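The values are calculated or read from the model by the stated rules, or taken from the named source; none is laboratory data. Just so you know, these numbers come straight off a predicted model, no measurement behind them. Cβ placement follows ideal geometry from the backbone for every residue including glycine, while neighbour counts extend to all protein chains displayed. Note: areas computed on protein heavy atoms with side chains; ligands, DNA, RNA excluded. Shrake-Rupley method; radii C 1.70, N 1.55, O 1.52, S 1.80 Å.
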Amino acid sequence: MKELYEAAYAARENAYSPFSGIKVGAAVLTEDGNVYTGVNIENSSYGATICAERTAFVKAISEGHRKFKAIAVSSGNVNEALPCGICRQFMYEFSPDMLVITGLDSEHLIVRTLEELLPKGFKL
Ligand code: THU
């Protein structure tokens, strides 16, 4: 878990966030042990922005992964980076029981299930 959080923290370096100035990093662990990182990528047309969590998921899904054990998210040492509602729903599609790891540093991790963050999520 610590390793996954550290990968998320390090990924922040590549965030593209000239508008908010907030650098978010995510690292998702697939069922078979692969790790994909992602960052937030903002856009001049603000609504076209993609969050770090979905960037990581999109990378993993497009490489063929469908089941995930955990995702770690970090926006640095000041604020806890909780996934937004769109990201919660996006991840729920694939692995409602996965863990969501946050916290201000890797020594003080906060671990929740996705189902705790999105109770009774939508699924066809
Ligand atoms: N952001 C994420 O990357 N993940 C979230 O779950 C919440 C928000 C990003 C989007 C935007 O670039 C910045 O944080 C401020 O909203």
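Observations on the model:
- DSSP loop chymotrypsin sites (Phe, Trp or Tyr not before Pro) with at most 14 other Cβ within 10 Å excluded, longest remaining stretch of the chain: 20-121
- Rounded if a/c under 1.5, otherwise prolate or oblate - region 35-86, Cα gyration tensor axes: oblate
- Sequence-distant contacts, meaning Cα pairs under 8 Å at least 6 residues apart, place the relative contact order of the chain at 23 percent.
- Cβ-placed point charges (K, R +1; D, E -1), dipole of region 1-95 about Cα centre in debye, nearest 20: 100 debye
- Close amide H pairs (under 5 Å, H built 1.01 Å from N) link V24 with N40, residues at least 5 positions away or on another chain.
- Relative to one another, the C-alpha centroids of region 13-69 and region 77-110 are positioned 12 Å apart.
- Viscosity 1.002 mPa s, temperature 20 °C, Stokes-Einstein D of region 1-56 from Kirkwood C-alpha radius, µm²/s: 189 µm²/s
- Applying both filters, DSSP loop and at most 14 other Cβ atoms within 10 Å, to the GluC sites (Glu not before Pro) of region 87-122 gives E93, E107.
- Per DSSP, loop trypsin sites (Lys or Arg not before Pro) in region 9-112 with at most 13 further Cβ within 10 Å: R66, K67
- For the chain, the calculated P(r), taken from all Cα-Cα distances in 10 Å bins from zero up to the bin holding the longest distance, is 15, 49, 32, 4 percent.
- Backbone HN-Hα couplings from phi across region 94-101 [Karplus 6.51/-1.76/1.60, Hz, Gly and Pro as x]: 9, 8, x, 8, 5, 8, 10, 10
- Taking all protein chains into account, the per residue accessible area for region 13-124 stands at 54 Å² (1.4 Å probe).
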